[in-house]
1. Which ones in region 363-383 are over 36 Å from the mean Cα position of the chain (by Cα) and not in a helix (DSSP H, G or I)?
2. State all residues of region 533-566 that are among the small types (Gly, Ala, Ser) and at pLDDT 85 or above; if no residue qualifies, say none.
3. Among the residues of region 392-413, which ones are open to solvent by less than 50 Å² (accessible area, probe 1.4 Å) and part of a loop (DSSP other than H, G, I, E, B)?
4. Out of everything in region 490-531 that is open to solvent by 80 Å² or more (accessible area, probe 1.4 Å), of a type outside the set (Lys, Arg) and more than 42 Å from the chain's Cα centre (by Cα), what residue ends up being nearest to Pro472 (Cα to Cα)?
5. So, in region 458-489, of the ones that are part of a loop (DSSP other than H, G, I, E, B) and modelled with pLDDT under 80, which residue ends up most open to solvent (accessible area, probe 1.4 Å)?
6. If you take the residues of region 426-457 that are part of a helix (DSSP H, G or I) and of a type in the set (A, V, I, L, M), which of them is surrounded by the fewest Cβ atoms within 10 Å (Cβ to Cβ)?
7. Quick one: in region 298-315, of everything that is open to solvent by less than 40 Å² (accessible area, probe 1.4 Å) and assigned to a helix (DSSP H, G or I), which residue is modelled with the highest pLDDT?
8. Looking only at region 529-541, which residues are under 22 Å from Leu494 (Cβ atoms) and not in a helix (DSSP H, G or I)?
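The values are calculated or read from the model by the stated rules, or taken from the named source; none is laboratory data. All values reported here derive from a predicted model rather than from experimental measurement. Note that we place each Cβ from the backbone using ideal geometry, even for glycine, and neighbour counts take in every protein chain shown. The accessibility values were calculated without ligands, DNA or RNA, using every heavy atom of the protein model including side chains. Shrake-Rupley method; radii C 1.70, N 1.55, O 1.52, S 1.80 Å.
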Amino acid sequence: MSSTPLSTLPIEPGLMVLHGNRLEDLRDLLAAWLARAPLRPLENELMLVQSNGIAQWLKLALARSPAAGGLGISAAIDVQLPGRFLWTAYRAVLGNEAVSVTSPFDKSRLVWRLLRLIPQHLHDEALAPLRDFLGDDPDWRKHYQLAMRVADLFDQYQVYRADWLDDWEHGRDELRDTLRNRRSPLPAGQRWQAYLWRLLLEDVGPDQRDNHRAAVHRAFVERLATLPARPPALPRRVVVFGISSLPQQTLEALTALARFSQVLLVVANPCRHYWADIIEERELLKASQRRHAGKPGLPAEPRYEDLHLHANPLLAAWGKQGRDYIRLLDAFDQPDRYRPQFAAIGRSIDLFEDAGSDTLLHQMQQAILDLEPLPADPAQRKAWRDDDHSLRFHVAHNPQREVEILHDQLLAMFEQAARDGRPLAPRDVIVMVPDIQTYGPHIQAVFGRVPPGDPRHLPCSVADQPARGRIPLIVALEYLLALPDARFAVSDVLDLLDVPALRKRFGFDDAGQPLLRRWIEGAGIRWGLDGAQKNSLQLPTLEQNSWRLGLRRMLLDYDVASGEAL
């Protein structure tokens, strides 16, 4: 390296991959690199993340003081999801005319095209499996559900199996396996997929048949390889932080961008040794290029039946997606090219820190880090300590109870941290759930019931919630569109009246809400418009507790009663 100050070094293009088992260490390394090689003033730093929660955490970390490992300020940071960025890059390279805003192969549009094409060609021999599935059912909802599933399938193929679509387009009914470098004929029961894909290409016409993502991506990579200079709309640097897995198509695009831009992939890797071969059929998947060395003492070619003696069982059982990602990265990575640049600032591109063995959680993390198998002899396993609460499991009967347990445990953690003198703040806690739309209302109900002035109050924010489940007017619109299949439950109708826009439209004021609820409850209304509507849902034809019977009761009371309404 030259004697030029590190902070003024030019941003050289290329792909750089940083591995580490702790996101905090990777974050600090990223901050150090950004501080030593800053962009120009008013130039945005582009970062790709997998969730809004990680984006917020990263911004707060970068805003820390330089003494604490931050940059002092977090500004001009453009955080995006990988999919959105890719389409922006496609347009920057190929032009807006070549990459339209909407495509006939978008999932939302593909559904309706399939809903028209499948019935038209249902008697084709190639679509016999679909014909057998649909049968003689005249209900078009079944056709729509099938079109939805097939559209979702083709949507995923455009990202993850673009090679299959290319083969099918050219009449090759086969499955290409790039990892194993082999091809196999498409099973007879699945050949309808290739036939249907060719029907779709024919239906959209020659002008738009190359507008699907796989074709656009192929054109993007080919165009970047021939350009003499970086298009002005492409960023000079792209940071991909903490994403647990990326499809091969995205990695190909980032590698192609690295010809003109500096692409920094920050990868959370739980193991310091090479572990991508610890999978089924590993003898067929042996990588030709490896970033990390194998574990000392591990045979170069262990037998499949002996793999359990050399691999951590938890990593082998739950780490398949990570294994495939690490192995895919190694095919694009050339660490010797950029390792000296990080060595010049006194940092390594591999940040693996021992977790220790003081708690059960640390023991588990250390075993994964070192690729340690489970001791075969129970006597060699470490003894359980009753005071070790680092790893706990709770069994709850529903999401509401899960969130209540979470709230109690967090309060206990903060109280214990205060007694021990350890710094712990709500911003240090992140809670992961499988479906935020399911848990979001329960989180608001449990964490929102304690007012801010209460010592038990825990400030929180729910990230990654779509507007469809949060904005009352959109929720109401979705319910109104689904009225033909609705049960017209009292709770659902009253929820609609809680939407201010609906109350204003029909002339209800806030003062009349309690009165209306009392009327409905007094009339015995529970659900269903009338008996015929209940029968349409394949339920007994009963007027009892329906809206028709309840309204009739209200009118009769109005006719015979005297005095004011109660």
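1. Across region 363-383, the qualifying residues are Ala376, Asp377, Arg381, Lys382, Ala383.
2. Selection gives Ser546, Gly550.
3. Correct list: Ala396 only.
4. Looking at the filtered set, the residue picked out is Ala511.
5. The initial filter retains those residues of region 458-489 that are part of a loop (DSSP other than H, G, I, E, B), namely 458-466, 470-471, 482, 486-489.
If we keep only those that are modelled with pLDDT under 80 as well, we get 463-466, 470-471.
Numbers: Ala463: 39, Asp464: 74, Gln465: 41, Pro466: 52, Arg470: 127, Ile471: 73 Å².
Residue satisfying both the conditions and the ranking: Arg470.
6. My answer is Ala445.
7. The residue in question is Leu315.
8. Once the filter is applied, which keeps residues that are under 22 Å from Leu494 (Cβ atoms) and not in a helix (DSSP H, G or I), region 529-541 yields Leu529, Asp530, Leu537, Leu539.
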